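For reference, the structure discussed in these notes is given below.
Please treat every number below as a calculation from the coordinates, not as lab data. Remember, it's a predicted structure, so these values are computed and weren't measured experimentally. As a convention, Cβ positions derive from the backbone with ideal geometry for all residues, glycine included, and neighbour counts pool all protein chains shown.
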Amino acid sequence: MNSQAPPQFRFTLVHAIMAALLVWGGYLAIGAIRAPGSYAVWRGLIVFGCTLIFLGVWAAALATRKRA
């Protein structure tokens, strides 16, 4: 019996996790903007930018792994 999930399911699950991380990063960025202090918008952009960089590196690693 094969215990591995079909490739299509794993592909969808990875995209769902990436979308959830994107939403979570947006939520944290909004929290950074709403927090008291100076440079609120910059803090939010940095938080969301780091989220996008993380997801980009992860997507590149998955694409590289898929080719190999």
Added length on full extension, which subtracts the Cα-Cα distance from 0.36 nm per residue, Leu28 to Leu52 = 7.4 nm
Set the Förster distance to 25 Å, then compute FRET efficiency between Ala16 and Val41 from the Cβ-Cβ distance, nearest 0.05.
-> 0.25
Using only the Cα atoms of the stretch 18-68, build the gyration tensor, take square roots of its eigenvalues as a ≥ b ≥ c, and label the shape rounded, prolate or oblate: rounded if a/c is under 1.5, else prolate if a/b is larger than b/c, else oblate.
-> prolate
